[in-house]
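Below is one structure, written out as structure tokens, with a few remarks after it.
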């Protein structure tokens, strides 16, 4: 087996560090979602590149009162693939998803919180 060159080794270390930052950010986000400390709109509006690569289904299934089955059912209802990442949501899908939760929770769209 050939050994890695210095630049390949540095690239691997950088990739591992990036993967760890993404995992840590995702875990923190999911915990905030579970306890209702962050609104769905905030997540969808986030420009944080580590949040934007999280799958929409991961966020939805961790909302208080929802689980994997309900999350996937909701995504089916609004026409969003379970594999879609936040950064791939176009305005139409984003609006349908937010609209569904606004109707579900029957709250004003500007002041709605998922707590």
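Please treat every number below as a calculation from the coordinates, not as lab data. Everything numeric here is computed off the predicted structure, so don't read it as measured data. A quick note on method: Cβ atoms are made from the backbone with ideal geometry, for glycine too, and the neighbour counts reach across all protein chains shown.
Here the Debye sum runs over all C-alpha atoms of region 6-105 as equal scatterers in vacuum, and log10 of I(q)/I(0) at q = 0.12, 0.23 Å⁻¹ comes out as -0.42, -1.25.
So how do 89-97, 33-41 stack up, highest first, on mean other-Cβ count within 10 Å? Mind dumping the intermediate values first?
Numbers: 89-97: 14.4, 33-41: 16.8.
Result, highest mean first: 33-41, 89-97.
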